[in-house]
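The structure appears below as structure tokens.
Read the figures in this text as sums done on the coordinates, not as results from a lab. None of these values were measured; they are calculated from a predicted model. Cβ sites come from the backbone with ideal geometry, for glycine too, and all protein chains shown count toward neighbours.
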Amino acid sequence: MKRELAEVLRGQGHDVLDLGTASTAPSDYPDWAQSVADALTGGRAERGILVCGSGAGVSIAANKIPGIRAAVCHDTYTAHQAVEHDDMNVLCIGARIIGAALAQEIATSFLGASFSGEERHQRRLNKILAIEKHFSRA
């Protein structure tokens, strides 16, 4: 799914930085979540997409990293709404849950969305960032 998704996104004009495994052999998803998070926090990427079996493991791992707001999205509405309302910067997809065509639509929706900046969304994002800062000091 990752290779097909990358090809479609490149075709849409996106620069794709492939940080994942090149093998179908089982690997440890926290390693890939950290690679993507490092690219975002290091300024090499603006957004990231993580693919694993369910999407849950990579989401949990990615959300441990300050500055990352990841969510599992298996529909287009959630993918764009999470960006518009919550400034999500990492999309997590379960390759065993959805097919390639839907994953492509979801990724397109995610990448086409922008944070709204509306007062209520910014207020909520500020609270999320404050929680992150509080626990990052612990």
Here the gain from full extension of ARG3 to SER27, 0.36 nm per residue of separation minus their alpha-carbon distance, amounts to 7.0 nm
List the longest stretch of the chain that has no exposed loop site; here a site is one of the trypsin sites (Lys or Arg not before Pro) assigned by DSSP to anything other than H, G, I, E or B, with at most 14 other Cβ within 10 Å. 1-43
Going through region 79-138, which chymotrypsin sites (Phe, Trp or Tyr not before Pro) have at most 16 other Cβ atoms within 10 Å and a DSSP loop state? PHE115
Specify the angular offset, from 0 to 90 degrees and rounded to the nearest 10, of the alpha carbon long axis of helix 2-11 from the longest principal axis of the alpha carbons in the chain. 80 degrees
Under 8 Å for C-alpha pairs, at least 6 residues apart: give me the relative contact order for the chain, rounded to a whole percent. 22 percent
Top of GLY48, GLY13, GLY57 by mean-square fluctuation, Gaussian network on the chain, Cα under 10 Å: GLY13
Among GLY94, GLY43, GLY20, whose mean-square fluctuation peaks in a Gaussian network model of the chain (Cα, cutoff 10 Å)? GLY43
What list of ³J(HN,Hα) couplings, whole Hz, do you get for region 98-112 from phi and the Karplus terms 6.51, -1.76, 1.60, once you set θ to phi - 60° and write x for glycine and proline? 10, x, 5, 5, 5, 4, 5, 5, 5, 4, 4, 4, 4, 6, x
From the mean inverse distance of alpha carbon pairs (Kirkwood) and the Cα radius of gyration, derive Rg over Rh for the chain. 0.96
Neighbour-count ranking [beta-carbon atoms within 10 angstrom, fewest first] of ILE60, ILE65: ILE60, ILE65
Under-5 Å amide H pairs with ILE49, H placed in peptide plane, nonlocal only: LEU91
In nm, to one decimal, how far is the modelled label at ASP15 from the one at ARG44, with both set 7 Å along Cα→Cβ? 1.2 nm
On the formula 1/(1 + (r/R0)^6), with r taken between the Cβ atoms of SER54 and GLU132 and R0 of 22 Å, the FRET efficiency rounded to 0.05 is 0.35
Theoretical ellipticity at 222 nm over the chain - DSSP helices of four or more residues, -39500 (n - 2.57) apiece, nearest 500: -16500 deg cm²/dmol
